[in-house]
Amino acid sequence: QVAQSVAKIPNRVERQNIAGCTEIFAGLRFTKDLIRQFLREDIMQESVIYQDILQKGEFKLFYRQLNRRFGEVDTSIIERIRALSTEQLEALGEAFLDFTSVDDLVTWLEQLQ
């Protein structure tokens, strides 16, 4: 019933956000397989809630890799990275493989502006 009600919401963004929230709350009580039977995964992935969770995970992974490779990095650089979108963090993760110093990271960030 919930999935059917969510599907009837005419505003696409609102529908996606409510679907994402519904999946998150359902995950507290039901198995992933049961939830997937009723709610479409693609709707949840477009939710701003889902995107926020994904972005935080991407940031944490990159932050650990950055610290392991170059040690502590200036907090102003970290804040610039934290502000990146999920897509930008993914691109940074790929570019990071070619970095030889923190200066390469700063140059990459400056190219975004």
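Inspect segment 28-47 for any residue being in contact with a helix residue (DSSP H, G or I) (Cβ under 7 Å, 6 or more places away or on another chain), among the polar types (S, T, N, Q), at pLDDT 75 or above and surrounded by 12 or more Cβ atoms within 10 Å (Cβ to Cβ) and give the result as yes or no.
Looking for residues that are in contact with a helix residue (DSSP H, G or I) (Cβ under 7 Å, 6 or more places away or on another chain), among the polar types (S, T, N, Q), at pLDDT 75 or above and surrounded by 12 or more Cβ atoms within 10 Å (Cβ to Cβ), one finds none in segment 28-47, hence no.
Hey, can you tell me all the residues within segment 65-113 that are within 24 Å of Ile49 (Cα to Cα) and touching a Ser or Thr at 6+ places or on another chain (Cβ under 9 Å)?
none
Just to be sure, is Lys60 more than 18 Å from the chain's Cα centre (by Cα), without any contact (Cβ under 8 Å) to a residue 24 or more places away in the chain and over 19 Å from Glu110 (Cβ atoms)?
No; evaluated as a whole, the condition is false for this residue.
For Arg68, which of the numbered conditions (1) surrounded by fewer than 11 Cβ atoms within 10 Å (Cβ to Cβ); (2) assigned to a loop (DSSP other than H, G, I, E, B) fails to hold?
In the conditions (1) surrounded by fewer than 11 Cβ atoms within 10 Å (Cβ to Cβ); (2) assigned to a loop (DSSP other than H, G, I, E, B), Arg68 misses (2) alone.
I need a count of the residues in segment 1-21 that are surrounded by fewer than 15 Cβ atoms within 10 Å (Cβ to Cβ) and not small (Gly, Ala, Ser).
Of the residues in segment 1-21, 10 are surrounded by fewer than 15 Cβ atoms within 10 Å (Cβ to Cβ) and not small (Gly, Ala, Ser).
Please verify whether Leu84 is surrounded by 11 or more Cβ atoms within 10 Å (Cβ to Cβ), on the phi < 0 side of the Ramachandran plot, under 20 Å from the mean Cα position of the chain (by Cα) and not in a helix (DSSP H, G or I), treating the condition exactly as stated.
Spelling it out, Leu84 is indeed surrounded by 11 or more Cβ atoms within 10 Å (Cβ to Cβ), on the phi < 0 side of the Ramachandran plot, under 20 Å from the mean Cα position of the chain (by Cα) and not in a helix (DSSP H, G or I).
What is the one condition in (1) among the hydroxyl-bearing types (Ser, Thr, Tyr); (2) assigned to a helix (DSSP H, G or I); (3) open to solvent by 80 Å² or more (accessible area, probe 1.4 Å) that Thr107 does not satisfy?
Result: Thr107 fails condition (3) only.
Okay, residues lined up against (1) of a type in the set (Ser, Thr, Tyr); (2) surrounded by fewer than 16 Cβ atoms within 10 Å (Cβ to Cβ):
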position	(1), (2)
Glu23	no, no
Phe59	no, no
Ser76	yes, yes
Glu90	no, yes
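Quick test of your reading of the structure: Thr86 fulfils all but one of (1) within 30 Å of Ala19 (Cβ to Cβ); (2) out of contact with any Leu (no Cβ under 6 Å at 6 or more places or on another chain); (3) in contact (Cβ under 8 Å) with a residue 12 or more places away in the chain. Name the failing condition by number.
The failed condition is (2).
Using beta carbons and a limit of 9 Å, which pairs, at least six apart or on different chains, have the first residue in segment 1-25 and within 18 Å of Arg36 (Cβ to Cβ) and in contact (Cβ under 8 Å) with a residue 60 or more places away in the chain and the second one among the hydrophobic types (A, V, I, L, M, F, W, C) and surrounded by 12 or more Cβ atoms within 10 Å (Cβ to Cβ)?
none
Going through segment 89-104 one residue at a time, which ones are under 20 Å from Asp74 (Cβ atoms), without any contact (Cβ under 8 Å) to a residue 24 or more places away in the chain and assigned to a helix (DSSP H, G or I)?
The answer is Ala95, Asp103, Asp104.
The values are calculated or read from the model by the stated rules, or taken from the named source; none is laboratory data. All values reported here derive from a predicted model rather than from experimental measurement. Counting neighbours? That spans all protein chains shown, and the Cβs are built from the backbone with ideal geometry, glycine included. Side chains included, ligands, DNA and RNA excluded: accessible areas come from the protein's heavy atoms. Shrake-Rupley method; radii C 1.70, N 1.55, O 1.52, S 1.80 Å.
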